[in-house]
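Structure first, commentary second.
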Amino acid sequence: MPMDKIPGDGFEVEVIRSRRRKTLALSVADGKVTVRMPARLAVPYAERFVHKKSHWIKAKLAQNPPFQERLYQDGEILPFLGDRLRLDIDSGGGHNAVRVDSEKISVTTRLKSPSQTALKKQLTDWYRQQATEYLRQRVEDLAEYTALKPTYLEVKTYRARWGSCTLSGKIQLNWKLIMAPPTIIDYVILHELCHLRQHNHSPAFWRLVARFDPNFTAHRAWLKQNGQQLEL
């Protein structure tokens, strides 16, 4: 379907038309504003809708700043298990290594002048390894706690979701979760485990989630507001 742009008060709104939509809906994510509208509705209707919601949009943009591209340089702050750690780069070392403590992530590289691409790959490989180990252990622990056991776990890359659960009982989790606080990680895992019993988002499903995570609404809100910053 064709897309239009609506200028706002210091922002721009992308228009997405859909034959299935019957109402207008706004969303703000990663510094981007989108309005979804019925395919046959004239753009001026969306313009008036955006104008009425201008204050709401600006407030949401302030809460959801766009992701700032990493520079991979000394002193840069990176998220890991909810902590904000300083990046410390030691180039020209004897071997490639990544270590973490309570204050920093230390990267040692054999290269004397490592490129951003090389540093990003080294860090991404390390993050993925940490995620695989951590998520597997938490799934095992929470599966025992809930008595909801998946048939298989895969840690992978998702562009726009944190996890999924197939009808066959396979759970897939986004490795980027390793950047989030442990309570948020547990919420995502519990969410997918509950899909083993309720493969939908019905009231019964959310009651099951609440049984294991009474604060799930706060955790879900945190992920919606901060998820775009969980990037390398």
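Structure values in brief
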read-out: Test: residue in the range 14-23 that is farther than 30 Å from ARG86 by Cα, surrounded by 11 or more Cβ atoms within 10 Å (Cβ to Cβ), among the hydroxyl-bearing types (Ser, Thr, Tyr) and not assigned by TED's automatic domain parsing to the domain that holds ARG159; value: yes
read-out: Odd one out for LEU123 among (1) under 17 Å from the mean Cα position of the chain (by Cα); (2) closer than 23 Å to ASP30 by Cβ; (3) not hydroxyl-bearing (Ser, Thr, Tyr); value: (1)
read-out: Residue within the range 182-193 that is among the charged types (D, E, K, R) and farther than 22 Å from PRO214 by Cα present; value: no
read-out: Single unsatisfied condition, HIS201 versus (1) in a helix (DSSP H, G or I); (2) within 20 Å of the chain's Cα centre (by Cα); value: (1)
read-out: One residue from VAL35, VAL28, VAL13 being within 23 Å of GLN225 (Cα to Cα), assigned to a strand (DSSP E or B), in contact (Cβ under 8 Å) with a residue 40 or more places away in the chain and touching a helix residue (DSSP H, G or I) at 6+ places or on another chain (Cβ under 6 Å); value: VAL13
read-out: Residue in the range 139-146 that is without any contact (Cβ under 8 Å) to a residue 60 or more places away in the chain, hydroxyl-bearing (Ser, Thr, Tyr) and surrounded by fewer than 17 Cβ atoms within 10 Å (Cβ to Cβ) present; value: no
read-out: Neighbours by Cβ (under 9 Å, 6+ apart or cross-chain): first from the range 75-91, at positive phi; second of a type outside the set (A, V, I, L, M, F, W, C) and assigned to a strand (DSSP E or B); value: GLY75/ARG86; GLY75/ASP88
read-out: Single unsatisfied condition, HIS219 versus (1) part of a helix (DSSP H, G or I); (2) of a type outside the set (D, E, K, R); (3) closer than 25 Å to LEU123 by Cα; value: (3)
read-out: Search result, residues across the range 49-73 that are among the charged types (D, E, K, R) and closer than 19 Å to LYS121 by Cα; value: GLU69, ARG70
read-out: Residue match in the range 39-47 (condition: touching a residue at least 40 places away in the same chain (Cβ under 8 Å), within 30 Å of LEU123 (Cβ to Cβ), not aliphatic (A, V, I, L, M) and not assigned by TED's automatic domain parsing to the domain that holds SER115); value: no
read-out: Long-range neighbours under 8 Å by Cβ, at least six apart or interchain, first residue crowded, with 16+ Cβ neighbours inside 10 Å within the range 61-74, second of a type in the set (Val, Ile, Thr) and modelled with pLDDT of 80 or more; value: LEU61/VAL28; LEU61/VAL33; ASN64/VAL28; TYR72/ILE89
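The values are calculated or read from the model by the stated rules, or taken from the named source; none is laboratory data. Remember, predicted model here, so these are calculated numbers, not experimental data. Positions of Cβ are generated from backbone atoms using ideal geometry, with glycine treated the same way; all protein chains shown enter the neighbour counts.
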